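Notes follow once the structure below has been shown.
The values are calculated or read from the model by the stated rules, or taken from the named source; none is laboratory data. For clarity, every value in this text was computed on a predicted model and none was experimentally measured. For neighbour counting, all protein chains shown are included, and Cβ atoms are generated from backbone atoms with ideal geometry for every residue, glycine included. For the accessible areas, the whole protein counts, side chains as well, though only heavy atoms, and no ligand, DNA or RNA atoms are used. Shrake-Rupley method; radii C 1.70, N 1.55, O 1.52, S 1.80 Å.
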Amino acid sequence: MPEPLLELRALDAYYQDFQALFGVSLDVGAGEVIAVIGANGAGKSTLLKSIAGAMRSRRDAIFFAGQPIGDWPAHAVVAQGIALVPEGRRLFPSLSVEENLLIGAQLRRPGPWNLARVYELFPALAERRRMPAPALSGGQQQMAAIGRALMSNPKLLLCDEISLGLAPIVVRDLYARLPSIVAEGSSVIVVEQDIVQALKAAKRVCCLQEGRIALTGLSTTLTRAAISTAYFGT
């Protein structure tokens, strides 16, 4: 078996004295899309923040491309090839769309993604490149957040709640771009509350419940009953 691109080994995470993740182990292969589902407060966003270096953990709790990075700061993790699309998009409101995108390219990592390629993936951004970020619709802001992350040319893209607050037709449009992103050489972890969309998008699904993995398996073989039990704990 090839070495996984990302490997979590009994990952714990804390907010001061509160433990949010308990011994989470997970691997992601090259070119793979993994969905992480679970109810609010299950630890999904904490998981992505830990991988992205926004929360420190044991060095040997997270391996990326065979290297332990669990205690690396976020800027070093990005330089290694992991990019986070945060919940709520977190665009810079005083900057234009294009300026927001260019922030993602500051490290000048080599790879296929540049302004032209991002505008090809999201034509709506090209048309609005000079507009301030707050002038975009919710879906367009999500495109800009994804585009900013892609500008760092990541090997692993972490997407936190892509569908949050968006109309179903917009969500379908965003998820339709995932195959193009994977085709350019990125693996993807998607945190998602929309179970139906998660099952369609990902090869494998991991369900978190109260900071622990309650279920993991292929999206094509997991039953709705098993997912419901893992999701709600009933």
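Brief remarks follow.
- Other-chain or far-sequence residues with amide H under 5 Å of Glu87's (modelled H): Asp160
- Principal axis extents of the Cα atoms in the range 52-127, from largest to smallest and rounded to whole angstrom, are 45, 26, 17.
- Largest first, the residues Ser57, Ser137 sort by 1.4 Å accessible area into Ser137, Ser57.
- The calculated FRET efficiency for the pair Gln19 and Gln193, based on their C-beta separation and a Förster distance of 22 Å, comes to about 0.50.
- Computed lengthening from Lys203 to Asp12, 0.36 nm per intervening residue step minus Cα-Cα distance: 66.3 nm
- Segment Ser94-Ala116, length gained on full extension (0.36 nm per residue, minus Cα span): 5.7 nm
- The calculated FRET efficiency for Leu102 paired with Asp27, based on their beta-carbon distance and R0 = 30 Å, is about 0.35.
- Under Karplus coefficients 6.51, -1.76 and 1.60, residue-wise ³J(HN,Hα) of the range 54-71 in Hz, glycine/proline x: 6, 10, 7, 9, 4, 4, 8, 8, 9, 10, 10, 6, x, 10, x, 10, x, 10
- Net charge of Cβ neighbours under 10 Å - reference Leu115; Lys, Arg +1; Asp, Glu -1: 0
- For the range 49-92, the spherically averaged projection of the C-alpha convex hull amounts to 3.1 nm².
- In this structure the chain gives 46 Å² per residue of accessible area when probed at 1.4 Å with all protein chains present.
- Cα gyration tensor shape of the range 120-234, rounded if a/c is under 1.5, else prolate or oblate by comparing a/b with b/c: prolate
- Measuring r between the beta carbons of Ala225 and Asn40 and using R0 = 22 Å, the FRET efficiency lands at 0.50.
- Protein-only accessible surface at a 1.4 angstrom probe places the residues Ser45, Ser187 in the order Ser45, Ser187, largest first.
- Take the Cα radius of gyration of the chain and divide it by 2.2 N^0.38 Å, N being the number of residues; the result is 0.97.
- Reach of Lys200 by Cα under 18 Å, taken over aspartates and glutamates that are not fewer than 8 positions away in the same chain: Glu32, Asp160, Glu161, Asp173, Glu192
- Projected label points at Ile169 and Glu184, each 7 Å from Cα along the beta carbon direction, are separated by 2.6 nanometres.
- Inter-centroid distance (Cα atoms) of the range 35-65 relative to the range 134-158, Å: 20
- Accessible area of the chain belonging to carbon and sulfur atoms, whole % at 1.4 Å probe: 55
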